1. Might you let me know whether the range 152-170 holds any residue that is within 20 Å of residue 84 (Cβ to Cβ), under 16 Å from the mean Cα position of the chain (by Cα), of a type in the set (Asp, Glu) and surrounded by fewer than 18 Cβ atoms within 10 Å (Cβ to Cβ)?
2. Being among the charged types (D, E, K, R) and closer than 30 Å to residue 4 by Cβ narrows it down to one of 125, 118, so name that one.
Amino acid sequence: MNKKLIIGLGTGRCGTVSLYRLLNFQKNSFFRHESKPLLPWKFDKGKIDEKLRKYFNKDEKYMGEVNLSFLPYVEYIIKRYPLTRFIILKRPKEEVIRSFVRHTKPFNYNHWIEHKGKKWRKGGKWDTMFPKYNAKSKEEAIGFYWEDYYKEVRELLKKYPENIKMFKMEDFNSELKVKEILDFCEIEKKEQIVKINIKENQGSGLMRFIKYFLWWRADKL
């Protein structure tokens, strides 16, 4: 069986969970979303090799992960597995900022600024997944992160157009665009399952609090 490695990226709060669910709907597939070991933003060869080894040991034909912190590892993965496909999702900057602020509010996390845990709470290993900025506010830092993320994406798109393609968050509402995603991933037509309007259930503030609590507990184990 010729296995196909597929990686999903994006800043976060841009449809990555929807992409993860879409890929897992496909026949003969196995995908994870931000699974452990968490990839730090600072390149860690041991952790990326461990992740890739786990996926290639799976029986499924299509496998991989959707994870915002894969961006610093793209070129390394392409050098090792030149046929890898990368789907990058994009959402407008101001929408991403608002969504991250709302999402991190229950635990008062700030993953984008180095701090001592007084004004904001430490996020454990989740903090390592993001670059850090000298900014006046969380909102400003997230804006810098968004700008740097897609600046790097633009460079990668120029360098590896056969491996990487970018889509908008709203493309999950279009059957044509969903098919385009699956075709780019080289999922065979007979194995494709087209789903639209796949969205994460945001839930209430309490549900977001519970989600972050579970992340925090898992990080302590």
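1. Checking the range 152-170: at least one residue is within 20 Å of residue 84 (Cβ to Cβ), under 16 Å from the mean Cα position of the chain (by Cα), of a type in the set (Asp, Glu) and surrounded by fewer than 18 Cβ atoms within 10 Å (Cβ to Cβ).
2. Values: 118 fails: closer than 30 Å to residue 4 by Cβ.
Being among the charged types (D, E, K, R) and closer than 30 Å to residue 4 by Cβ holds for just one of 125, 118, which is 125.
Just so you know, all these numbers are worked out from the coordinates, no wet-lab data involved. Since the structure is predicted, the reported quantities are computational estimates derived from the model, not experimental observations. All Cβ positions, glycine included, derive from the backbone under ideal geometry; neighbour counts span all protein chains shown.
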